[in-house]
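For reference, the structure is listed below as structure tokens.
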Amino acid sequence: MNLGRPIEKVFTTEPYTDWHWDMLVKALGPGVEIVRASQSDPEAMKAGIKDADVAILAGDISREVLGAAEKLRWVHCDHAGVNNSAHPEIFERGILLTSSAGRSAPVLAEHIFFLILSLIYDSRKLEQQQRDHLWANLYRDRRGLFTKTLGIVGLGHTGLALIPRARAFGMRVLAYSRKAVPAPEGVEKAWFADQGDRIDQLLKESDIVVLCLSLSDETYHLIDEKAFKIMKPTAFLINMARGSVVDEGALHKALTEGTIAAAASDVFETEPLGKDSPLWDLPNFIITPHCTPEVPDLALNGLNIICENISRYKEGTALLNCQSSRDVYTKGVR
């Protein structure tokens with residue numbers, strides 16, 4: 001089926017200026033009407049998107065704004081996880097939904113290893129020893145990453161970026177993903193949901209489980225109390241996906257009862273994480289507040305994906321990072 005069609009009117013909330021803006025305008029081509037508004041102004045968004053056939057957004061599209069769009073055929077959200085845009089209505093109406101997933105993959109992979117190494121080397125205790133002017137060996141019963149097994153859940157951009165970094169540390173790499181694809185180079189064993197595989201074997205074998213998959217109704221609370229019980233008691237869990245991939249109540253229980261050894265997360269079910277959350281005070285849990293150092297030109301990386309998709313949209317070829325009805329997320333979405 002050829003989805004190629006001309007672009008007549010574009011609504012955007014991208015705050016581009018100077019050559020970034022010029023690059024977008026050039027990609028859209030002559031004769032295209034462009035309307036801009038702020039992502040933080042829902043009324044302006046509803047007015048601007050009303051008769052646009054394409055929306056290029058700095059953030060997500062709410063159901064309210066989507067409901068005001070009468071002619072929309074394609075919406076691009078310029079960030080990675082688009083679970084808050086994956087409304088059932090998007091797919092029921094045949095609207096294409098794409099993202100800028102991959103624009104930060106190298107530094108997200110670095111962030112994951114920062115968290116892993118912080119747990120392995122017990123950075124908290126090191127800092128305390130330094131404050132106390134204490135010279136003591138705290139690694140007598142610890143082992144480094146060399147020969148440990150890393151289980152990657154999700155073989156998207158970040159998951160793939162993890163593989164060579166893990167191999168550089170001399171780690172064994174396992175993977176679990178939704179789509180059945182040939183196991184990437186460097187992965188010893190891979191399991192796929194589309195082939196009927198379960199995540200259990202990866203959880204059993206992994207010393208460190210890293211979550212970097214998308215959030216959908218299928219993956220909501222994928223890591224629950226049952227999953228924690230399958231993991232090794234010495235295992236670490238790292239969540240760089242979305243908070244709701246993990247049942248936070250089960251996570252707290254697993255960490256306090258010693259079901260797993262430690263965990264770290266950059267994402268949470270409710271953000272900002274509430275000041276009264278018991279997760280803050282766990283000695284074997286590291287929190288980063290959903291932020292990471294940027295790649296050299298984050299805006300350009302996203303813009304390159306947008307421009308490539310504009311070309312593909314016009315040509316009628318498959319778009320990058322295109323979502324499907326399997327990506328629907330209805331739990332807690334506005």
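The values are calculated or read from the model by the stated rules, or taken from the named source; none is laboratory data. On a predicted model such as this, the values are computed, not experimentally measured, just so you know. All Cβ positions, even for glycine, are placed from backbone atoms using ideal geometry, and neighbour counts span all protein chains on display. With ligands, DNA and RNA removed, areas are computed over all heavy atoms of the protein, side chains included. Shrake-Rupley method; radii C 1.70, N 1.55, O 1.52, S 1.80 Å.
Hey, what's the Cα Rg ratio for the range 65-199 versus the globular rule of thumb, 2.2 N^0.38 Å?
1.46
Whole angstrom only: what separates the Cα centroid of the range 1-44 from the Cα centroid of the range 174-215?
So the separation of the two Cα centres works out to 38 Å.
Could you give the Stokes-Einstein D for the range 46-133 in µm² per second, using the C-alpha Kirkwood radius, 25 °C, 0.890 mPa s?
155
Kyte-Doolittle mean at least -1.0 and Cα extent at least 20 Å along the axis: which DSSP H helices of the chain qualify?
105-120, 298-315
Which one of 72, 175, 303 has its Cα pushed farthest toward the positive end of the charge dipole of the chain, where Lys and Arg give +1 and Asp and Glu give -1 at the Cβ?
Going by the charge dipole, the pick is 175.
Against the globular-protein guess of 2.2 N^0.38 Å, express the Cα radius of gyration of the chain as a ratio, rounded to two decimals.
1.08
Which is farthest toward the positive dipole end of the chain among 45, 278, 210, measuring Cα position about the Cα centre, with Cβ charges +1 (Lys, Arg) and -1 (Asp, Glu)?
210
Report the normalised scattering of the range 236-305 as log10 I(q)/I(0) at q = 0.19, 0.26 Å⁻¹, calculated by the Debye formula with identical scatterers on the alpha carbons.
-0.75, -1.21
For the range 181-267, state which GluC sites (Glu not before Pro) are in a DSSP loop and have at most 10 other beta carbons lying within 10 Å of their beta carbon.
Filter output for the range 181-267: 185.
Which one, 25, 265, 233, is farthest towards the positive end of the dipole of the chain when Lys and Arg carry +1 and Asp and Glu -1 on their Cβ?
233
For the range 66-172, which GluC sites (Glu not before Pro) are both in a DSSP coil and crowded by at most 15 other Cβ atoms within 10 Å?
Passing both the DSSP loop test and the Cβ count: 70.
Any idea of the accessible area per residue across the range 1-99, 1.4 Å probe, to the nearest Å²?
Ligands and nucleic acids excluded, the result is 45 Å² per residue.
Too long at a 27 Å Cα-Cα cut-off: which of 148/275; 179/275; 189/232; 125/253; 179/331?
148/275; 179/275
Roughly how many debye, to the nearest 20, is the charge dipole of the range 68-118 about its Cα centre, given +1 on each Lys and Arg Cβ, -1 on each Asp and Glu Cβ, and no other charges?
Around 120 debye, computed over the range 68-118.
So how compact is the range 152-192: Cα radius of gyration and Dmax in angstrom?
Expressed in Å, the Cα Rg and Dmax of the range 152-192 come to 9.2, 27.
Along each of its three principal axes, how wide is the spread of alpha-carbon positions in the range 26-88, in whole angstrom units, largest first?
Its Cα atoms span 33, 24, 22 Å along the three principal axes.
With +1 on the Cβ of every Lys and Arg and -1 on the Cβ of every Asp and Glu, and nothing else charged, how large is the dipole of the range 211-334 about its Cα centre, in debye rounded to the nearest 20?
Roughly 240 debye for the range 211-334.
State the percentage of accessible surface on the range 1-160 attributable to carbon and sulfur atoms; use a 1.4 Å probe and exclude ligands, DNA and RNA.
53
Quick one: pull the percentage of alpha-carbon pairs in the range 11-62 with a separation above 13 Å.
56
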